[in-house]
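Scroll down for the structure; my scribbles are underneath it.
The values are calculated or read from the model by the stated rules, or taken from the named source; none is laboratory data. Computed from a prediction, not measured in an experiment: that's the story for all the values here. Cβ sites come from the backbone with ideal geometry, for glycine too, and all protein chains shown count toward neighbours. The area values use the complete protein model at the heavy-atom level, side chains included, leaving out ligands, DNA and RNA. Shrake-Rupley method; radii C 1.70, N 1.55, O 1.52, S 1.80 Å.
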Amino acid sequence: MTAKRIDGKAAAAAIRETVASRVHDFAQRIGRAPGLATVLVGEDPASAVYVRSKNRATAEAGMAGFAHNLPDTISEAELLQVVTDLNADERIDGILVQLPLPLQIDAARVIETIEPGKDVDGFHPVNAGRLAIGLPALVACTPLGCLHLLKAELGSLAGLDAVVIGRSNIVGKPMAQLLIAESATVTVAHSKTRDLPGVVRRADIVVAAVGRAEMVRGDWIKPGATVIDVGINRIPTQDGKGRLVGDVAYDEAAEVAAAITPVPGGVGPMTIAMLLRNTLVAAHRRAGLHDPEGL
Ligand code: NAP
């Protein structure tokens with residue numbers, strides 16, 4: 001079998017188009033566009049690239065963007081004050097503080113200071129807890145994007161065996177919660193899991209969120225499985241530029257799977273699309289409106 005290549009770029013473009021049209025409706029009704037504030041601390045090049053593309057996407061969706069670029073010498077107290085001010089700013093529906101933060105700042109404290117209703121990254125304990133007990137929440141963007149791709153591919157996930165490799169708070173754990181809510185039978189694997197290839201071989205759905213280049217091999221995949229590769233790993237190349245690969249050995253896995261996301265062009269574009277979606281949802285909830293349809 002040669003797997004279908006799941007086109008995350010096309011799926012993300014469709015979501016962004018729907019978001020843009022709902023942004024227009026929201027602005028007509030409420031008299032202002034939904035607003036997203038991004039906070040970048042320091043000059044880490046990868047973080048700067050991510051935040052720039054988030055700011056660009058915000059503008060393209062017709063939302064109001066509020067970009068805060070702060071020096072890496074900022075104290076924790078000063079950063080907490082910035083977040084508190086954003087919480088109080090009525091024009092702002094979503095707050096995104098780009099991680100990682102400099103060592104002098106406790107990232108958990110910063111996240112806990114964000115008003116949960118504006119926590120469009122879905123990292124606040126209130127949102128993580130609400131997701132876990134099945135209440136409406138703002139859900140972390142990357143796993144939400146993975147779920148969207150899975151449902152587009154498979155329809156109902158009820159009863160399917162899903163293996164999530166990785167148990168981070170930003171990907172693995174919320175991914176597992178989303179899959180449980182869809183009635184999949186979920187196993188969460190991590191660095192202490194025994195016989196990982198054997199565990200993965202049972203899965204109808206594999207979500208790999210590890211950060212180890214091409215760790216998941218083709219002979220770990222059950223024939224006909226759907227594979228979502230969250231990993232982004234740069235491996236060296238002769239020209240010195242490096243190349244991005246996922247956590248799954250794509251060519252091998254594509255021989256066995258029914259469908260698989262590429263890296264790049266799979267999960268990556270979905271993350272920003274879901275950030276815009278979450279900002280739109282946050283704006284609706286803050287304005288006392290029903291959640292926007294079709295997202
Ligand atoms: P993380 O916080 O480093 O977590 C990695 C997880 O993988 C941990 O739970 C770890 O287990 C597990 N792990 C490590 N080595 C393993 C092994 N040999 N076998 C099984 N499990 C192992 O990473 P993350 O933030 O979740 O990110 C994971 C990957 O996704 C990274 O490549 C990251 O760049 C990428 N990512 C992509 C997007 C996107 O938009 N596409 C967004 C976020 C992250 P322990 O808990 O036991 O240590």
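Contact annotation: residue pairs with Cβ atoms under 6 Å, 6 or more positions apart or on different chains, pairing a residue in region 11-37 that is assigned to a strand (DSSP E or B) with a partner that is open to solvent by 60 Å² or more (accessible area, probe 1.4 Å) and of a type in the set (Lys, Arg), are GLY35/ARG91. Residues that are open to solvent by 30 Å² or more (accessible area, probe 1.4 Å) and in contact (Cβ under 8 Å) with a residue 40 or more places away in the chain within region 118-130 comprise PHE123, ALA128, listed in sequence order. Yes or no: VAL171 out of contact with any Leu (no Cβ under 7 Å at 6 or more places or on another chain), more than 24 Å from ALA12 (Cα to Cα) and either β-branched (Val, Ile, Thr) or surrounded by 17 or more Cβ atoms within 10 Å (Cβ to Cβ) (or both)? Taking the combined requirement at face value, the residue does not satisfy it.
Of all residues in region 249-274, exactly one satisfies the criterion of being aliphatic (A, V, I, L, M), under 15 Å from ARG5 (Cα atoms), open to solvent by 10 Å² or more (accessible area, probe 1.4 Å) and within 10 Å of the ligand (Cβ to nearest atom), namely VAL263. Does ALA203 fit the bill of being part of a loop (DSSP other than H, G, I, E, B), within 14 Å of the ligand (Cβ to nearest atom), within 20 Å of MET175 (Cβ to Cβ) and of a type in the set (A, V, I, L, M)? In short, yes. For region 141-161, the condition of being more than 16 Å from the ligand (Cβ to nearest atom), without any contact (Cβ under 8 Å) to a residue 24 or more places away in the chain and surrounded by fewer than 16 Cβ atoms within 10 Å (Cβ to Cβ) holds for at least one residue. Scanning region 247-295 for residues that are within 17 Å of VAL200 (Cα to Cα) and hydrophobic (A, V, I, L, M, F, W, C) yields VAL248, ALA249, ALA253, ALA254, VAL256, ALA257, ALA258, ALA259, ILE260.
Among the listed residues ILE114, ILE133, ILE95, identify the single one that is away from the ligand (no atom under 16 Å from the Cβ), surrounded by 21 or more Cβ atoms within 10 Å (Cβ to Cβ) and more than 26 Å from LYS9 (Cα to Cα). Steps first, please.
Values: ILE133 fails: surrounded by 21 or more Cβ atoms within 10 Å (Cβ to Cβ); ILE95 fails: more than 26 Å from LYS9 (Cα to Cα).
Only one candidate passes the filter, namely ILE114.
Out of the residues in region 210-248 that are assigned to a loop (DSSP other than H, G, I, E, B), among the β-branched types (Val, Ile, Thr) and in contact (Cβ under 8 Å) with a residue 12 or more places away in the chain, state the one that is farthest from the ligand (Cβ to nearest atom). So that I can check it myself, show each step before the final result.
Within region 210-248, the subset assigned to a loop (DSSP other than H, G, I, E, B) is 210-215, 217, 221-225, 230-232, 236-242, 246-247.
Those left that are additionally among the β-branched types (Val, Ile, Thr): 210, 221, 230, 232, 237.
Applying the additional criterion that residues be in contact (Cβ under 8 Å) with a residue 12 or more places away in the chain yields 210, 221, 230, 232.
Working: VAL210: 4, ILE221: 15, VAL230: 4, ILE232: 4 Å.
It comes out as ILE221.
In region 81-107, the residues that are of a type in the set (D, E, K, R) reach residues that are surrounded by fewer than 21 Cβ atoms within 10 Å (Cβ to Cβ) and not in a loop (DSSP other than H, G, I, E, B) with C-beta atoms within less than 8 angstrom, at least six apart or across chains, in these pairs: ASP89/PHE66; ARG91/ALA64; ARG91/PHE66; ASP93/ARG286; ASP106/GLU76.
The set of residues in region 51-70 being surrounded by fewer than 18 Cβ atoms within 10 Å (Cβ to Cβ), in contact (Cβ under 8 Å) with a residue 24 or more places away in the chain and not in a strand (DSSP E or B) consists of SER53, GLU60, GLY62.
Scan region 179-194 and tell me whether some residue there is within 18 Å of ILE260 (Cα to Cα), modelled with pLDDT of 95 or more, open to solvent by 10 Å² or more (accessible area, probe 1.4 Å) and touching a strand residue (DSSP E or B) at 6+ places or on another chain (Cβ under 9 Å). Before the answer, list the steps.
Step one: list which residues in region 179-194 are within 18 Å of ILE260 (Cα to Cα), which gives 179.
Retained after the next criterion (residues that are modelled with pLDDT of 95 or more): 179.
Still in the list and also open to solvent by 10 Å² or more (accessible area, probe 1.4 Å): none.
Among the residues of region 179-194, not one is within 18 Å of ILE260 (Cα to Cα), modelled with pLDDT of 95 or more, open to solvent by 10 Å² or more (accessible area, probe 1.4 Å) and touching a strand residue (DSSP E or B) at 6+ places or on another chain (Cβ under 9 Å), which makes the answer no.
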